[in-house]
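Accompanying notes for the structure given below.
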Amino acid sequence: MERWTRREDERLLTGKGRYVADIHVPGCLDAALRSKVAHGSLRSVDCAGA
């Protein structure tokens, strides 16, 4: 089996990496969802209350 060197490891482990959660877009809202169903599919979102 051939070993591969991952190029992003050093950047992420030393705190120099950039994650999607680090990107701030003015006017953009985030949501966190928890499901009781393993491997479920999100079929719709009702944003009327937002």
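General observations
- The set of residues from region 3-50 being β-branched (Val, Ile, Thr) and either surrounded by 10 or more Cβ atoms within 10 Å (Cβ to Cβ) or part of a loop (DSSP other than H, G, I, E, B) (or both) comprises THR5, THR14, ILE23, VAL25, VAL37, VAL45.
- Cβ pairs under 8 Å, 6+ apart, first in region 39-50 and closer than 14 Å to LEU29 by Cβ, second of a type outside the set (A, V, I, L, M, F, W, C) and assigned to a loop (DSSP other than H, G, I, E, B): none
No value in this document is a laboratory result; all are computed from the given coordinates. All values reported here derive from a predicted model rather than from experimental measurement. Here the Cβ is made from the backbone with ideal geometry for all residues, glycine too, and neighbour counts use every protein chain on show.
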